[in-house]
């Protein structure tokens, strides 16, 4: 569903993404794992055209993102790392707005709102929302268009435990519907629990991509997956310095 | 006894008699009349053209119409001391060079009064005619013609000592055209909607009194003349790209006082005009109050009110030798922001008449395109803030802090009706108009607040 | 570019801005200023009350030339350097950046136009109640020109926001642009004009007017009010140069359109290559 071929992105002289190639299959949950600034976000953004690659290309659903941005984006829903909505719009208005951009009817949007159990908050202004509520709205917005691909950038970074739990439920629910999901995180546990496969970013490079089980097997049984992750990070950061 | 009041005989024509004689016989009536007779002409229509070749008094009763042939002048007065009164004169010829007029006067001591002249090229034409009186005539030119193809309302050529008063002139080329006509007295005429209200050349020692020149391309163009007195006139709303209330070209030793010059492009325009005195005039709301070429020297301005002009003075060239005060009395400038500590009515700070932008305009006239731009205002402020940039050579050292009371100007009483109209308007109306608008804002705001609380 | 997303984005932008207190505050301030100026302009009328409409409008014109560019620049910069998270979500939707820009610009413009129109309406009602409806069409044309000026500076603000990206930097740049077009450009033009002479001088002066949208609106308004005569012979020369007053207004409006379109088009071009 998503394929990156030799994706490279430079910001000025800084190499943010360095020759990254990977593939995410239909129905798969793929996690980008890596420390902050390792290139996860930049890679994700290039999938929805927010970042223009310096070289290499990305195919979404077989469509080249750079050549047919609008067509490629039609099958992707992306949740930015820190989603923000205009403070003086209501939840319902925001949902209506994004529905209209995707050609979705208002009744479908109403339905989505109900499903997300927003009942009491639908007519409230975002300015009065808690962080958790904003996240719920964000998830409602990206699940609304029923795109085959979901992209979530650090979705749990600023959430309380309850929010994290809700997110987990959301992912599993979407997986059941057969969606392809790509999310990034720096929490090992999250990747371990949710993902089918993991790609590990260190200093702009995708240093490993394996199934969670495969990774675990690769290393000796006495090592936890955490040790493995740190091993990658140390090895590759050491190489760079 | 004045010549035009002499009536030696009266020939009363009964209307019945006239009708039996046909309507085209006015000329034969004149031919049959004795010199010195008075002919009373009843209402009706009469064919022109008419030539008055003996001393007659022609009086129209009930506005009889004399219609010309469309060639030449409708009435030509060839002998002295005639009177033409109370006629409607129409349909003159079309030739400017032949002086085709409603009434062409080629003799002296005549009275042309209370006539209506319409569809004529020239209205009244005094051709080498002295000591005539032209009064209370209504003159309407041919509106359908281009300005340049029309004749003048009252045209004087080589004619002296005439009195022109109480005429009402519109739709001609120039209201008055006066050339080589000294000692003319022009009083209480009203000229509007023409090219030059007054076009004036080589005519000295004339007097203008209580005339109004409004809505013309130019109020008055006074050229090559000496010793003219212009008093109590109004020059209003003369607008166009090169329009002025009064243009003075090569005019000297005039006295211009107690006039109203308002809402013109340029109030007073001077070129090569020297030693004139301007006193007690109201010069208001013109785009530029005064424009002077630097060759206009020695003019004196004292006790005038300069009010709300966009630019008080444009100088073409470097500077003029204008005297901006006399007998320790300068002028009132509405833009003056000085003070008067000693309370003598004269400001303690000299009035710098031009600001930097206006000064620069004198150097590059097209800079006027930047009028109303914030930059031009910045220039004005800058010149005050940085004395180095101060270029003012035109200074009124005795500026008056209060307007001179000119409320008793004769001309103001003539203008009174239009004045009253504008001042009567209710000042509270705009506030009432503004209230609903503010109401809409407040209600809109409250509605929005309410929705947000839901 | 398709119409539907442009419309939806514009509508959302308008809703956000109308609910924003600033739109209301601008409307009230603008209304009060315009009305006040027109009102005091009338009180200050001379003894015979001539030239009512034209002079009041000329005073309003001055205000328009100062305030509208400033407000448009501020509102545009504010909106286009808005929250990153919000922009990311929006731009990740299946829309083109040109559609987003057009939509936001139109929505913003609608909100500015709304506040301006109410201000103009109040002043217009007031002027008409005092001096009659004879200048109404010119006044409407003037309102349209003012709206055009607002759009031009909105367009410029989009370019500024796109280039500067950071809010503080964009604001600084916008403020500079305002200062430049409202004041500095004209001073520069006047200075250069004084250095030239003869027909070169006039040609430069005429053409320089087109280089500044503020001047374009100022001159076009004065022509529309039929008060171009206050420019005296310079006005006549300009009209002759441009080919009559109808032609002049047409040319000036075209220039204004270019000023409205070009910065925005450039912003779209730049944004296409920009990363978030």
In degrees from 0 to 90, rounded to the nearest 10, what is the angle of the helix A:91-101 Cα long axis to the longest principal axis of chain A? 70
Across A:81-89, the residue-averaged tally of Cβ atoms belonging to other chains within 10 Å stands at 6
FRET efficiency for residue C:29 and residue C:200, Cβ-Cβ distance as r, R0 = 35 Å, nearest 0.05? 0.20
What's the angle, to the nearest 10 degrees (0 to 90), between helix A:161-176's Cα axis and the longest principal axis of chain A? 90
May I ask for the percentage of alpha-carbon pairs in region A:44-109 that lie more than 17 Å from each other? 53
Given N residues in region B:158-280, what is its alpha carbon radius of gyration divided by 2.2 N^0.38 Å? 0.92
What order, most packed first, do the peptides B:33-39, B:342-348 have when packing is the mean number of other Cβ atoms within 10 Å of each residue? B:33-39, B:342-348
Mean Cβ neighbour count within 10 Å, used as a protection proxy, ranking B:311-321, A:143-153, A:38-48 highest first: A:38-48, A:143-153, B:311-321
Would you mind giving the average projected area, over all directions, of the Cα convex hull of region B:193-252 in nm² with one decimal? 3.6
Please compute the Cα-Cα pair-distance distribution of the protein assembly as shown with 10 Å bins starting at 0, giving whole percents from short to long. 2, 10, 15, 15, 13, 11, 9, 8, 6, 5, 3, 2, 1, 0, 0, 0
Which number do you get for Rg(Cα) / (2.2 N^0.38 Å) in region A:128-193? 1.07
What do you get for the angle between helix C:185-195 and the principal long axis of chain C? Use alpha-carbon atoms, 0 to 90 degrees, nearest ten. 50
The answer for the per residue Cα convex hull volume of chain A, in Å³, is 128
Provide a whole-number value for the mean count of partner chain Cβ atoms within 10 Å of the Cβ atoms in peptide A:121-127. 2
Using the Kirkwood formula over every pair of different C-alpha atoms, what hydrodynamic radius in Å results for region B:1-203? 16.5
Cα-based radius of gyration of region C:51-206 once divided by 2.2 N^0.38 Å, which approximates compact folds: 1.27
Starting from the Kirkwood radius over alpha-carbon pairs of region A:83-146, derive D by Stokes-Einstein at 4 °C in a medium of 1.567 mPa s and give it in µm² s⁻¹. 114
For region B:227-269, average projected area of the Cα convex hull in nm²: 2.8
Across peptide C:89-101, what mean number of C-beta atoms from other chains lies inside 10 Å of a residue's C-beta? 6
In whole angstrom, and with the biggest value first, how far do the Cα coordinates of region C:3-272 range along each principal axis? 61, 46, 32
In the P(r) worked out for region B:58-167, what percent of Cα pairs fall beyond 22 Å? 21
With labels modelled as points extended 7 Å from the Cα through the Cβ direction, what inter-label distance (nm, one decimal) is found for residue C:276 paired with residue C:176? 2.8
Translational diffusion coefficient of region B:250-302 at 25 °C, 0.890 mPa s, Stokes-Einstein with Kirkwood Rh over Cα pairs, in µm²/s as a whole number. 220
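We did not get these values from a lab; they are worked out from the coordinates using the rules stated. None of the values given here were measured: they were computed from a predicted structure. Here the Cβ is made from the backbone with ideal geometry for all residues, glycine too, and neighbour counts use every protein chain on show.
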